[in-house]
Amino acid sequence: MPDTATRHDWTRAEVAALFALPFNELLHRAHSVHREHHDPNAVQVSTLLSIKTGGCPEDCAYCPQAARYDTGVQAQKLMSVEAVLERAQAAKDAGASRFCMGAAWRGPKDRDVLKVAEIVRAVKGLGLETCATLGMLSGAQADTLKSAGLDYYNHNLDTAPEFYGEVIHTRQYQDRLDTLEHVRHAGMKTCCGGIVGMGESRDQRAGLLQTLATLPEHPQSVPINQLVQVEGTPLNGIEALDPFEFVRTIAVARLLMPASMVRLSAGRQQMDDAVQALCFFAGANSIFYGEKLLTTGNPDVEHDRALFRRLDLHPLQVVEESSTVHADILETDAAGCGQGCGCSAAA
Ligand code: SAM
Ligand code: DTB
Ligand code: SF4
């Protein structure tokens, strides 16, 4: 039987042993744990918007928004509240339950935080869950965002501690851990994961997941990104990861953090539908929905609607304290099962 107790003391060797399980055994265990904690047919749907694009001073070797790489990304300043609100309304109308806003900053200035706080208040007012990823935050900045109604803060560890220095030189792993501490202390939920396919070893993928699973609390959302290779970035042209290794990473994340939402994040546009289906079986239960991530592509909406239909998946309805955020990315089917999946099963 799978070990279903939620643990915070995983060792690297234990995590590596999970990666080394026969593929079918690993997927069986991960799916069993998944079913104990989640509806296996429900997928949480988030939409992502780049509210401040490009021109970033950091040197993350994967990122098209770093100013130092010639990637063709045009730097843009912070969007206005009105412009973001329009996009948030469109995301809500398209069926997203969470709106995630990304900014290409090393960390925001205090005056930027005040502007983002205004944006968060407005988006929250639409009845959407809010998430932001703005780089490093001080404790006071995290408090300001929490007061504005920010539900989640996305800040990824990205890779194993010992591989971090090969990918990013302009900040330290400890800086990431410190920001996560400020976010937790402010009372926000953390969205924290990483990127695979950057040339790391399997043991280093295990190291990333072990670090995530031994944080003071498991991140409520765990985005697993597959590297999107972008021309002009140092990691462009690197050997692509075996898709089954990506599925294994999702499965191990599910086993280590049973109650968290595991997001099949960047890289879906480059991924075969069958691989995505395996990821959902292995325990992924969240996606970004909409044609763009921050600067790169995501599957188009029609494609995802069809995929949900083909796999009988339905968008997760998020229950908030005072209301339910209804997520329905498919046409309503009055005669269907009532879960917004467009199927013809009776309620
Ligand atoms: N600047 C802030 C930061 O780095 O925390 C927020 C925005 S940054 C673009 C958010 C995350 O996007 C990164 O931590 C990384 O995990 C992910 N990301 C960036 N470029 C990517 C790529 N080419 N492929 C996959 N994930 C990527
Ligand atoms: C996360 O883990 N992945 C998203 C979100 N958090 C902000 C970002 C993916 C970015 C992919 C590259 C791009 O579109 O620029
Ligand atoms: Fe800047 Fe974030 Fe991109 Fe790194 S990942 S270059 S910090 S935008």
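Under 10 Å, Cα contacts only: if you run a Gaussian network model on the chain, which one of ALA148, ALA67, ALA83 comes out with the highest mean-square fluctuation?
With Cα springs under 10 Å in the chain, the top fluctuation among ALA148, ALA67, ALA83 is at ALA83.
Just how many pairs of Lys in the chain have C-alpha atoms closer than 18 Å, counting pairs that are eight or more places apart or on different chains?
14
Express in Å², to the nearest 10, the accessible area of ILE287 obtained by rolling a 1.4 Å probe over the protein heavy atoms while all chains stay in place.
0 Å²
Would you work out the charge dipole size for region 187-248 about its Cα centre, treating the Cβ of every Lys and Arg as +1 and the Cβ of every Asp and Glu as -1, and quote it to the nearest 20 debye? Walk me through the numbers on the way to the answer.
Values: 4 positive and 7 negative charges, 48 e Å.
About 240 debye.
Skip the ligands, DNA and RNA, and give the accessible area per residue of region 12-326 with a 1.4 Å probe, whole Å².
Dividing the accessible area of region 12-326 by its residue count gives 39 Å².
For the chain, what proportion of DSSP beta bridges, expressed in % and rounded to the nearest 5, is antiparallel?
10 percent
Put a dot 7 Å past each Cα toward the Cβ at ARG106 and GLU118; how far apart are the dots in nm?
Once both label points are built, they end up 2.6 nm from each other.
Put +1 on the Cβ of every Lys and Arg and -1 on every Asp and Glu Cβ in the chain; which of GLY283, GLY135, VAL222 then has its Cα farthest towards the positive end of the dipole?
So the residue furthest toward the plus end is GLY135.
Probe radius 1.4 Å, ligands and nucleic acids ignored: give me the carbon and sulfur share of the accessible area of region 12-326 as a rounded percent. Before the final figure, lay out each step's value.
Numbers: 6130 of 12340 Å².
Taking all protein chains in place, region 12-326 shows 50 percent carbon and sulfur surface.
Any idea how far apart THR296 and ARG7 come out in nm if each label point goes 7 Å out from Cα toward Cβ?
Roughly 3.3 nm, to one decimal.
Can you tell me how much longer the chain between ASP242 and LYS77 gets when fully stretched, taken as 0.36 nm per residue apart minus their C-alpha distance, in nm with one decimal?
Separation in residues times 0.36 nm, less the Cα-Cα distance, equals 55.7 nm.
Can you put VAL301, VAL247 in order of accessible area, largest first, using a 1.4 Å probe?
VAL301, VAL247
Which value, in debye to the nearest 20, describes the size of the charge dipole of the chain about its Cα centre when Lys and Arg Cβ atoms bear +1, Asp and Glu Cβ atoms bear -1, and nothing else is charged? Please report the intermediate quantities before stating the final value.
Details: 31 positive and 43 negative charges, 105 e Å.
For this selection, approximately 500 debye.
Sum up the charges of everything whose Cβ sits under 13 Å from the Cβ of HIS303, counting Lys and Arg as +1 and Asp and Glu as -1, but leave HIS303 out.
Taking every Cβ under 13 Å from that of HIS303, the sum is -2.
Projecting each Cα onto the charge dipole of the chain (Lys/Arg +1, Asp/Glu -1 at the beta carbon, about the Cα centre), which of ASN154, LEU85, LEU256 comes out farthest on the positive side?
The one lying farthest along the dipole's positive direction is LEU85.
Just how far, in whole angstrom, is region 1-46 from region 82-145 if you go by their alpha carbon centroids?
Centre-to-centre distance over Cα atoms comes out at 31 Å.
The values are calculated or read from the model by the stated rules, or taken from the named source; none is laboratory data. Quick caveat: nothing in here was measured; it's all calculated off a predicted structure. Because the Cβ atoms are built from the backbone with ideal geometry, glycine has one as well, and the counts that use them run over all protein chains shown. Just the protein is used for accessible areas: all its heavy atoms, side chains included, with ligands, DNA and RNA removed. Shrake-Rupley method; radii C 1.70, N 1.55, O 1.52, S 1.80 Å.
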